[in-house]
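Laboratory data are not the source of any read-out in this text; all were calculated from the coordinates shown. Model, not experiment: these values are computed from the prediction. All Cβ positions, glycine included, derive from the backbone under ideal geometry; neighbour counts span all protein chains shown.
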Amino acid sequence: MSNKKYDVRHKYDSTANRYDARYRDIQKQKYFEIFSEIEMVKNGTIIDVGGGTGLLLDYLQNKNLTTIITDISYKMLKEGRKKNHYGFFICADSEYLPLRKKSGDLVTCISVIQNLENPQKTIEECYFIIKKKKFVVLTALKKLFDLENLSEIVEKIGFNLHKTWLLSVEDIAIVAEKK
Ligand SMILES: C[S@@+](CC[C@H](N)C(=O)[O-])C[C@H]1O[C@@H](n2cnc3c(N)ncnc32)[C@H](O)[C@@H]1O
């Protein structure tokens, strides 16, 4: 594992027990704005890449969906597991996801890619795991990412852009569909 990944994992491992108290409201606002723009899948599989403590799972509260949360930080996942017994929590680097091709009906990667050395590799993994004609949702810190540049990368990988915009808090957001 590279030094950067090791440091990121260490940072989230060591603050995992405080993450929800600090970020729940802000992440909730992001989810609200995102799911005002796309119709929520009613059944099937949601894969939340870099899903941390599963705040998205708490927000969705939909037991008809199979939800898979992957994250590089074991302790973030452990916090998530304490709250949720119906999601699948998988400790994995987003650049090498141990998931099948076209397994997701919705893939989300929210507030993760600013932590990555190579965001493109993770977006390619999202492309691999999402089914055709289904959406991937990506967000990243406004202060570190340019919406146009990131949109270009997403299109180059093979997605159609569905919507790109600035969230009211912190992040840029992209919803893209696999052709
Ligand atoms: C700001 S938190 C966001 C967590 C969650 N998506 C949310 O909405 O609350 C960033 C997450 O990305 C994870 N992360 C960072 N680098 C990663 C990588 N290479 N692979 C998987 N997860 C990663 C961190 O461990 C952390 O849980």
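Placing +1 on the Cβ of every Lys and Arg and -1 on the Cβ of every Asp and Glu, with nothing else charged, gives the stretch 25-100 a dipole about its Cα centre of roughly 400 debye.
Take every pair of alpha-carbon atoms less than 8 Å apart whose residues are at least six positions apart; their mean separation over the length of the chain yields a relative contact order of 18 percent. Phi angles across the stretch 53-65 convert, under the Karplus curve 6.51 cos²θ - 1.76 cosθ + 1.60 with θ = phi - 60°, into 3J(HN,Hα) values of 8, x, 4, 5, 5, 4, 5, 6, 6, 10, 7, 7, 9 Hz, Gly and Pro given as x. Taking amide H as placed 1.01 Å from N in the peptide plane, residue 111 has its amide H under 5 Å from the amide H of 139, 140, each at least 5 places away in sequence or on another chain.
Distance from the C-alpha centroid of the stretch 80-113 to that of the stretch 135-179: 19 Å, rounded to the whole angstrom.
For a modelled paramagnetic label at residue 100, 7 Å from Cα along Cα-to-Cβ, the residues of the stretch 107-131 in reach, with backbone nitrogen under 16 Å, are 128-131.
Shown for the chain are no DSSP H helices, since none reaches 30 Å along its axis, judged by Cα atoms, with a mean Kyte-Doolittle hydropathy of at least 1.0. Taking a ≥ b ≥ c as the square roots of the eigenvalues of the Cα gyration tensor, an a/c ratio below 1.5 marks the stretch 3-178 as rounded. Taking amide H as placed 1.01 Å from N in the peptide plane, the amide H of residue 90 sits under 5 Å from that of 69, 70, 71, each at least 5 places away or on another chain.
Spacing of the modelled spin labels on residue 59 and residue 24, each 7 Å from Cα toward Cβ, amounts to 1.4 nm. Under 1.5 on a/c is rounded, so check that first for the stretch 11-93, then, if it is not, pick prolate when a/b is larger than b/c and oblate when it is not; a ≥ b ≥ c are the square roots of the alpha carbon gyration tensor eigenvalues. Note, shape of the stretch 11-93 comes out oblate. By the rule of a C-alpha distance below 24 Å, with chain neighbours fewer than 8 residues away ignored, the lysines paired with residue 82 are 11, 28, 30, 63.
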